Amino acid sequence: MTWHSRLTPPVSGHTVSTMRMGKGVEAALHCCLVMHWLDGRPVTSAQLAEFFDLPPAYLQKTLRALVADGLAEAVRGQSGGFTLARSGASISLMDVVAAVEGREPAFHCEEIRLAGRSGTLGPRSGQCAIAHAMNRAELTYRAALAAQSIADLADQTGPGVRARTIAALT
């Protein structure tokens with residue numbers, strides 16, 4: 001198995017922790033995929049919660065984040081529920097991650113190189129090399145997520161998954 005398949009590169013025979021996303025990201029992506037497949041037909045948060053065996057209040061919060069960010073719409077009425085606000089092809093994985101997790105960078109440099117005895121070693125020019133490397137890595141990660149859409153995910157699912165999912169929810 002390569003390190004790519006584990007998403008954690010080897011370091012001296014050990015694996016290192018990668019950036020973590022909350023369970024809400026996974027739930028939001030699965031819900032967006034289902035809404036994409038339903039093609040404008042509303043699905044309730046209760047249906048999605050039961051389908052994915054998630055706490056209804058938790059999923060409701062996740063769906064509200066998608067609505068607040070303009071990725072989903074809440075449809076009122078007896079046959080209401082949630083739908084995608086735009087096509088699955090125009091919603092990137094990064095859009096969903098940002099809606100659920102926020103847009104703040106994962107790494108924030110505290111400039112500890114300028115504190116303590118390290119700070120007495122004299123002036124330093126430019127951005128901290130560590131902050132620069134971490135920012136570059138995060139931009140690469142965000143670009144990879146931005147390059148894939150909900151429609152791309154739908155294209156990658158196994159045969160019959162869409163039809164079985166729709167049948168289970170209608």
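The values are calculated or read from the model by the stated rules, or taken from the named source; none is laboratory data. This is a predicted model, so every value here is computed, not measured. Quick reminder, even Gly has a Cβ in these numbers, built from the backbone with ideal geometry, and neighbours come from all protein chains shown. Accessible surface areas use protein heavy atoms only, side chains included; no ligands, DNA or RNA. Shrake-Rupley method; radii C 1.70, N 1.55, O 1.52, S 1.80 Å.
Simple rule: put +1 on each Lys or Arg Cβ and -1 on each Asp or Glu Cβ in region 36-119, find the dipole, and look at Gly80, Gly116, Pro42; the Cα lying farthest toward the positive end is Gly116. Of the DSSP H helices in the chain, those that are both long (alpha-carbon extent of 24 Å or more along the helix axis) and hydrophobic (Kyte-Doolittle mean at least 0.0) are 129-146. At a probe radius of 1.4 angstrom, the accessible area of the chain per residue rounds to 64 square angstrom.
Dividing the Cα radius of gyration by the Kirkwood radius, what Rg/Rh value follows for region 69-131?
Values: Rg = 22.0 Å, Rh = 16.0 Å.
Rg/Rh: 1.38.
How large is the charge dipole for region 21-170, taken about the Cα centre, if only the Cβ atoms of Lys, Arg (+1) and Asp, Glu (-1) carry charge, to the nearest 20 debye?
Details: 14 positive and 14 negative charges, 44 e Å.
My answer is approximately 220 debye.
Using the rule -39500 (n - 2.57) for each DSSP H run of four or more residues, divided by the residues of the chain, the 222 nm mean residue ellipticity is -15000 deg cm²/dmol. Reducing region 119-166 and region 41-89 to their Cα centroids gives an inter-centroid distance of 25 Å. Each Cα pair under 8 Å and six or more residues apart adds its separation to the average, and for the chain the resulting relative contact order is 26 percent.
Using a Gaussian network model on the chain with a 10 Å cutoff between Cα atoms, which of Leu63, Leu114, Leu145 fluctuates the most? Checking each option, the largest mean-square fluctuation is seen for Leu114.
With coordinates expressed along the principal axes, the C-alpha atoms belonging to region 20-100 extend over 37, 28, 20 Å, beginning with the largest.
When the solvent-accessible area of region 15-170 is split by element, carbon and sulfur atoms take up 56 percent of it, the probe being 1.4 Å. Build a GNM of the chain with springs between Cα atoms under 10 Å apart, and of Ala133, Ala144, Ala74 the one that fluctuates most is Ala133. For the chain, a Gaussian network of Cα nodes joined below 10 Å ranks Ser118, Ser45, Ser90 by mean-square fluctuation, and the top entry is Ser118.
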